[in-house]
Amino acid sequence: MDQGELSTEQVLRSDIPWETYMTTKLITGTGLQLLRRYDKKPQKQKAQLLDDDGPAYIGVFVSILRDIFKEEAVEYVLALMDEMLTVNPERARLFHDKSLADRDLYEPFLRLLWKDNWFIQEKSCKILSTIVSARPKTQDNTIANGASISKKEFTTNDDVLKGLVEWLCTQLKKPTHPSRGIPAAINCLATLLKEPVVRSSFVHADGVKLLVPLISPASTQQSIQLLYETCLCVWLLSYYEPAVEYLATSRTLPRLIEVVKGSTKEKVVRVVVLILRNLLHKGTFGAQMVDLGLPQLVQNLKAQAWSDEDLLEALNQLEGGLKDNIKRLSSFDKYKQEVLLGHLDWSPMHKDPLFWRDNVTCFEENDFKILRVLITILDASTDLRTLAVACFDLSQFIQYHPAGRIIVTDLKAKERVMKLMNHENAEVTKNALLCIQRLFLGAKYASFLQA
């Protein structure tokens, strides 16, 4: 049978001639004794043996992976370990027992990831992901199973995690198995991306872009699970700034919104809403969400009968955040409209500290387009109120933007404002003077100058 189609159950039906391996000294007499005691026994008996002497069995299994290269034996031992961890994932802790501290337990798995045999690749990845995730957190800067860091030949935790990321990215680009390669890789990533070193390695390997095409509405059970686990990966990455920067430049957001629109699966909707909540206040995501119609979609989602309290809470938080965003966007949009029309008046926002604090970074959009138009108004407008307000707004920008003085100076505004200091209108002169004072004094002292 093609190794790509093998299952753990099928492999465990095989009979492996362990005695032959002992004769050739590839396993010890003690190893053979442990294998005979464990192999082909009922689950209850295996569980008892692992309870009594678990680390010894782990030691034998890993020794076989290290010393025996015959594929049927390697497949069989991987199937035994896969079965053990499936029945009880807590058994992963056995790999970190102190009695195994002088053994490099991870090296065989890292090597087997690249074996030309899908069953061996998939099981090695699954087992490796499970056991590295189960390590005691005190081991973060030590070798994989806790031995002294001075033993340089040992595989470190970072080596293991980076090795896994390399293999997982390879699977996402060019899967070994046509239908199971990508789901297996995503399944492991959904566990491993909880690790900070995996997040940074994955972003460094340009892995984020490999996830984006997988974010699309799904219908079959398999594709729904793949979509859910992909979104889980994106959610974990949404806590990592370099990954967020990539997500902002890709089509991730429209794809996530399409998924929410087309999904009835509660767990998929929940994880996407959690991603959106995380991204809402980062960069321009909030504005994009409004443009993509998310506020109305959130209303529609809230009207549905969800049983998950976390989802309902996340929807409420998302709704509140979007409302704040719309409020901020609306006030700045209104301001932009005023400036672009070239007619300014003393509406409340010009003197509102909250408006300037919340929106001063919006002036940076499109290479400071609105600020440039504001400066042009100083030359072009003949309306006295408009000139006075334009001078005042420039002074506000200087006060509230961390680099306000430098930006206004670079845009050659100083000369234009200075001309207006000799204007015949007192209101224009007063605000031109305020602007020049703030320009020379800087933000540190500018707050003492009030209009």
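The values are calculated or read from the model by the stated rules, or taken from the named source; none is laboratory data. These numbers were taken from a predicted model, which means no experiment stands behind them. A quick note on method: Cβ atoms are made from the backbone with ideal geometry, for glycine too, and the neighbour counts reach across all protein chains shown. When the accessible area is computed, the model is the full protein with side chains, heavy atoms only, and any ligands, DNA or RNA have been set aside. Shrake-Rupley method; radii C 1.70, N 1.55, O 1.52, S 1.80 Å.
Just a few scattered comments:
- Scope the range 229-285; condition among the aromatic types (Phe, Trp, Tyr), at pLDDT 95 or above and over 21 Å from Leu315 (Cβ atoms); matching residues: Tyr240
- Cβ-Cβ under 7 Å pairs, at least 6 apart or on other chains, the range 101-123 side closer than 22 Å to Pro136 by Cα and without any contact (Cβ under 8 Å) to a residue 60 or more places away in the chain, far side assigned to a helix (DSSP H, G or I) and open to solvent by 40 Å² or more (accessible area, probe 1.4 Å): Pro108/Arg66
- Among residues of the range 366-392 being closer than 18 Å to Lys430 by Cβ and among the charged types (D, E, K, R), the one that is most open to solvent (accessible area, probe 1.4 Å) is Arg385.
- With respect to the stated conditions, Phe332 fails to be in contact with a His (Cβ under 9 Å, 6 or more places away or on another chain), in a helix (DSSP H, G or I) and buried (at least 18 other Cβ atoms within 10 Å of the Cβ).
- Identity of the residue in the range 152-192, hydroxyl-bearing (Ser, Thr, Tyr) and without any contact (Cβ under 8 Å) to a residue 40 or more places away in the chain, that ends up surrounded by the fewest Cβ atoms within 10 Å (Cβ to Cβ): Ser179
- Looking across the range 168-225 at every residue that is among the small types (Gly, Ala, Ser) and in a helix (DSSP H, G or I), the one that is nearest to Val132 (Cα to Cα) is identified as Ala190.
- Residues of the range 409-431 that turn out to be touching a Lys or Arg at 6+ places or on another chain (Cβ under 8 Å) and closer than 12 Å to Ala388 by Cα, as a count: 1
- Per-region count, the range 400-422, residues open to solvent by less than 50 Å² (accessible area, probe 1.4 Å) and under 13 Å from Ile436 (Cβ atoms): 4
- Filter result for Ile149 (of a type in the set (A, V, I, L, M), under 31 Å from the mean Cα position of the chain (by Cα), open to solvent by 10 Å² or more (accessible area, probe 1.4 Å) and at pLDDT below 95): yes
- Of everything listed in (1) in contact with a Cys (Cβ under 8 Å, 6 or more places away or on another chain); (2) under 25 Å from Glu195 (Cα atoms), the single unmet condition for Val259 is (2).
- Scanning the range 61-74 for residues that are open to solvent by 20 Å² or more (accessible area, probe 1.4 Å) and in contact (Cβ under 8 Å) with a residue 24 or more places away in the chain, we see that the one that is nearest to Pro42 (Cα to Cα) is Glu72.
- Residue within the range 342-352 that is open to solvent by 80 Å² or more (accessible area, probe 1.4 Å), over 21 Å from Gly283 (Cβ atoms) and not charged (D, E, K, R) present: yes
- Among the residues of the range 299-307, none qualifies, meaning not one is closer than 15 Å to Leu253 by Cα and surrounded by fewer than 15 Cβ atoms within 10 Å (Cβ to Cβ).
- Scanning the range 89-105 for residues that are under 26 Å from Gln10 (Cα atoms) and open to solvent by 50 Å² or more (accessible area, probe 1.4 Å) yields a total of 2.
- Filtering the range 27-45 to residues that are open to solvent by 80 Å² or more (accessible area, probe 1.4 Å), assigned to a helix (DSSP H, G or I) and closer than 16 Å to Pro17 by Cβ leaves Gln33, Arg36.
Matching residues to (1) within 14 Å of the chain's Cα centre (by Cα); (2) in a helix (DSSP H, G or I):
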residue	(1), (2)
Tyr239	yes, no
Tyr246	yes, yes
Pro254	no, yes
Ile257	no, yes
Val271	yes, yes
Ile275	yes, yes
Lys282	yes, no
Val290	no, yes
Val298	no, yes
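- All conditions in (1) at pLDDT 95 or above; (2) of a type in the set (A, V, I, L, M, F, W, C); (3) farther than 15 Å from Leu12 by Cα; (4) surrounded by 22 or more Cβ atoms within 10 Å (Cβ to Cβ) hold for Met84, with the sole exception of (3).
- Which listed residue, of Thr361, Thr429, Thr409, is modelled with pLDDT under 95, farther than 30 Å from Asp324 by Cβ and assigned to a helix (DSSP H, G or I): Thr409
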